[in-house]
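Take a look at the structure set out below.
The values are calculated or read from the model by the stated rules, or taken from the named source; none is laboratory data. Here the structure is a predicted model, which is why all the values come from computation and not from measurement. Here the Cβ positions follow ideal geometry from the backbone for every residue, glycine too, while neighbour counts run over all protein chains shown. With ligands, DNA and RNA removed, areas are computed over all heavy atoms of the protein, side chains included. Shrake-Rupley method; radii C 1.70, N 1.55, O 1.52, S 1.80 Å.
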Amino acid sequence: AKVALEEADRKQKALLQQAELIASLGHWSVDVVNEKVFWSDEIYRIHGVSKSDYEPTLQSAIDFYHPDDISIVQNYINGAIKKGEGWEVKLRIVRPSGEVRHVHSKGMVEHDATGSISTIFGTFQDVTERVKKSLELEAAKSKAEVANIAKSRFLATMSHEIRTPMNGILGTLQLLDDELTKSSDRKLLSNALTSSYYLLKIVNDILDFSK
């Protein structure tokens, strides 16, 4: 029975490790009294360190955070120890290689029989790819907005620069139509008017379609 329980426990741990790897999410805990830190295998991978070469402490774990984010982490930990407050926040860590990773951290506290805070525990997820995609979408959106503004300005300019002289030509031809008396001249003028109206319609259709 003991062997069966040990095998079941081994399989459960293996499944947990696989699940954490798939989700890029690990779990951790801190013994507040002894400041003993536990990291699951996935936490080591996220930090870019080997379990055999590195043993985390509370301070060294904090030191992994980006310099601009360290004070935020310290405030959360102090709030957990002194007030029993949990947290959920997105921050950055810096691997020994210098690579910056974006992480989603959640923490909670556990009390002992006397009501004192004994353990801080939580999850740690690598969301770097998600953040990159979000930034790429924002950049693409901004680029599209800039392109749309440029297109609108272009269309407004083209509308003015093309339609204005075309309307001037049509107006002039109409005035000439009122003045001419020879049928041959009026026929030529009529052809010019028809062509001008047709050209203006094409220009209007193109500009409207471009919008």
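Structural remarks
- Test result for GLN59, modelled with pLDDT under 90, open to solvent by 40 Å² or more (accessible area, probe 1.4 Å), part of a helix (DSSP H, G or I) and farther than 15 Å from GLY122 by Cα: no
- Out of ARG92, ARG101, sole residue that is touching a residue at least 24 places away in the same chain (Cβ under 8 Å), in contact with a Lys or Arg (Cβ under 9 Å, 6 or more places away or on another chain), open to solvent by 60 Å² or more (accessible area, probe 1.4 Å) and not in a loop (DSSP other than H, G, I, E, B): ARG92
- Some residue of region 159-167 being β-branched (Val, Ile, Thr), touching a residue at least 12 places away in the same chain (Cβ under 8 Å) and part of a helix (DSSP H, G or I): yes
- Neighbours by Cβ (under 8 Å, 6+ apart or cross-chain): first from region 191-203, within 14 Å of THR172 (Cβ to Cβ) and open to solvent by less than 40 Å² (accessible area, probe 1.4 Å); second acidic (Asp, Glu) and assigned to a helix (DSSP H, G or I): LEU193/ASP177
- Of all residues in region 34-52 being open to solvent by 30 Å² or more (accessible area, probe 1.4 Å) and closer than 17 Å to GLY107 by Cα, the one that is nearest to the chain's Cα centre (by Cα): PHE38
- Residue in region 110-131 that is open to solvent by less than 60 Å² (accessible area, probe 1.4 Å), touching an Asp or Glu at 6+ places or on another chain (Cβ under 7 Å) and either of a type outside the set (Ser, Thr, Tyr) or part of a helix (DSSP H, G or I) (or both) present: no
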